[in-house]
Amino acid sequence: MMDPEVLTERAAQLIAQTATLGELHAVQVELLGKNSALAVARHSVGRLDEAERPEAGRRLLEVREEIERLLAQRRAVLEEDQRRCRLSGDRLDLTEVALASQRGRLHLVQRTRDELEDVFVGMGFVVAEGPEVETDWYNFEALNMPVAHPARGMWDTLYLDLGEEETVLLRTHTSPVQIRLMQDQVPPIYAVMPGRCYRRDTPDARHIPVFHQLEGLVVDHGISFADLAGTIETFTTAYFGSDTHSRLRPSYFPFTEPSAEFEVTCSICKGKGCRTCSHTGWVELGGCGMVDPEVFVAVGVDPEEWTGFAFGFGIDRLAQMRHVIPDMRILLDNDVRFLRQL
Ligand code: DAH
């Protein structure tokens, strides 16, 4: 009969050499299966003298237990290796994500719109949207501009060949969304309404025929012009930083009374005067004012109970000033050399 110690030693060697769970299984069959040296040794116990049998049997049992212990130990090691291997195969290569983010990015106008929405949401406003194709009633009439009102001339309008002549148009500003909001919702209202607008304008350094505005509307009890001025000041400082100055100037819009225009120091020439600001040192961002009672009447809001202010400005114009872009037309060129800089 083979020496039990030799059996154990050989088994230990075989087990240590295994590299996979499959190999370990094969070794296990070889060491403990019915053709194994151990099995042969167990058979030969029967041929020993009766007095020697119990001792020989006990030693072989010890050998078997030792081999089983070694197998279990090795299995734990190999299983851990296999698990590590699988995990590293499943690993996400984040460098690929970093590369992908270099492939494309949001256009400056979209980014500016997102940033402005964040500023206003931070001030307690909600964001709303309306259609780009509007009727004359929403774009003009409900905003206190009856048919043939001279103020309609402030907006060079693109009409669509739909319905009766000059009744369906591409909205010239985001102000019609104010009307839709007041029809849908009872005050108090604190909302901003960003979106695309269209005008029959000749493109130049400060104008493009397709542009973006952000409209604001607040309707509540006891709203005053001071609330309006404070809101404009807060958002221009939040967006431009405290070294850009803004100012309000008396103006006229049919849907607000009183009305004002707000301007910021031209960032191209730092207020000295240049081609972009038509040598005034200031660039107009938008208009604002206290909602005219006629507008409240058109949408069924009681002007005796509620007051409000509204404002609207060009998102593209704002981006132009903050990023010091001398000519706005470049925003539409889609020249990758420009887009990549942003
Ligand atoms: N809708 C105006 C425009 O496009 C801007 C404007 C002025 C909006 C005054 C307002 C406002 O809400 O109160 O020129």
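The values are calculated or read from the model by the stated rules, or taken from the named source; none is laboratory data. What you see is a predicted model, and the numbers here were worked out from it, not measured in a lab. In this analysis, Cβ positions are derived from the backbone assuming ideal geometry, glycine residues included, and neighbour counts consider all displayed protein chains.
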Of the residues Ala148, Ala142, Ala205, which single one is within 18 Å of Leu318 (Cα to Cα) and out of contact with any strand residue (DSSP E or B) (no Cβ under 8 Å at 6 or more places or on another chain)? Ala205
Taking the stretch 299-340 as the search range and keeping residues that are touching a residue at least 40 places away in the same chain (Cβ under 8 Å) and acidic (Asp, Glu), which one is nearest to the ligand (Cβ to nearest atom)? Asp316
Quick one: Pro203 ticks every box in (1) more than 11 Å from the ligand (Cβ to nearest atom); (2) within 25 Å of Ser246 (Cβ to Cβ) bar one, so which box is it? (2)
Go through the stretch 142-175 residue by residue and tally those that are closer than 21 Å to Gly308 by Cα and either over 27 Å from the mean Cα position of the chain (by Cα) or without any contact (Cβ under 8 Å) to a residue 40 or more places away in the chain (or both). 4
Would you check if there is a residue in the stretch 132-153 being under 30 Å from Leu342 (Cα atoms) and within 16 Å of the ligand (Cβ to nearest atom)? yes
Consider Pro209 carefully, then state whether it is within 27 Å of Asp114 (Cβ to Cβ) and either within 16 Å of the ligand (Cβ to nearest atom) or in contact with a Phe, Trp or Tyr (Cβ under 7 Å, 6 or more places away or on another chain) (or both). yes
Filter the stretch 132-181 down to residues that are in a loop (DSSP other than H, G, I, E, B) and touching a His at 6+ places or on another chain (Cβ under 8 Å) and give me whichever is surrounded by the fewest Cβ atoms within 10 Å (Cβ to Cβ). Trp155
Give me the residue from the stretch 259-274 that is at pLDDT 90 or above and out of contact with any strand residue (DSSP E or B) (no Cβ under 6 Å at 6 or more places or on another chain) and, out of that set, farthest from the ligand (Cβ to nearest atom). Lys272
The condition of being modelled with pLDDT of 95 or more, in the same structural domain as Thr236 (by TED's automatic domain parsing) and under 16 Å from Asp292 (Cα atoms) holds, among Val133, Val177, Val168, only for Val177
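Within the stretch 66-80, is even one residue over 30 Å from Asp333 (Cα atoms) and within 19 Å of the chain's Cα centre (by Cα)?
Checking the stretch 66-80: not a single residue is over 30 Å from Asp333 (Cα atoms) and within 19 Å of the chain's Cα centre (by Cα).
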Selection within the stretch 183-200 - within 12 Å of the ligand (Cβ to nearest atom) and not in a loop (DSSP other than H, G, I, E, B): Ala191, Val192, Met193, Gly195, Cys197, Tyr198
Which one is nearest to the ligand (Cβ to nearest atom), of the residues in the stretch 281-298 that are over 19 Å from Phe313 (Cα atoms) and without any contact (Cβ under 8 Å) to a residue 60 or more places away in the chain? Pro293
Could you figure out which of (1) touching a residue at least 12 places away in the same chain (Cβ under 8 Å); (2) farther than 21 Å from Ala151 by Cα isn't true of Arg200? (2)
Hey, Gly273 small (Gly, Ala, Ser), assigned to a loop (DSSP other than H, G, I, E, B) and either in contact with a Phe, Trp or Tyr (Cβ under 9 Å, 6 or more places away or on another chain) or free of Cβ contacts under 8 Å to residues at least 24 places away in the same chain (or both) or not: yes
Which is within 16 Å of the ligand (Cβ to nearest atom) and over 26 Å from Phe235 (Cα atoms), of Asp161, Asp156, Asp81, Asp93? Asp156
Listed residues His212, His245; which is surrounded by 18 or more Cβ atoms within 10 Å (Cβ to Cβ), farther than 16 Å from Gly289 by Cβ and in contact with a strand residue (DSSP E or B) (Cβ under 6 Å, 6 or more places away or on another chain)? His212
